[in-house]
Amino acid sequence: MPGDLITTGTPAGTGTSPKHEVPPRSGTQVISVIKGVGEHRNIVMRPSSK
């Protein structure tokens with residue numbers, strides 16, 4: 001419904017096993033899709049080192 005808040009996250013343990021030890025690289029697109037609603041795209045950005 002209009003005004004509803006949709007949150008996303010990752011399953012417990014994501015990124016902690018040797019199979020998933022490499023985080024996404026800068027520039028990787030993360031796409032969330034909800035049937036009947038649409039999609040939302042985010043691009044991973046790493047902070048610049050100063």
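The values are calculated or read from the model by the stated rules, or taken from the named source; none is laboratory data. Here the structure is a predicted model, which is why all the values come from computation and not from measurement. Cβ sites come from the backbone with ideal geometry, for glycine too, and all protein chains shown count toward neighbours.
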(request) Tally the residues that are surrounded by fewer than 10 Cβ atoms within 10 Å (Cβ to Cβ) and of a type in the set (S, T, N, Q), restricting the search to segment 29-50. (result) 3
(request) Residue by residue through segment 38-50, note down the ones that are within 18 Å of T8 (Cβ to Cβ) and either at pLDDT below 85 or basic (K, R) (or both). (result) R41
(message) Within segment 5-23, does at least one residue satisfy the condition of being modelled with pLDDT of 80 or more and among the small types (G, A, S)?
(response) no
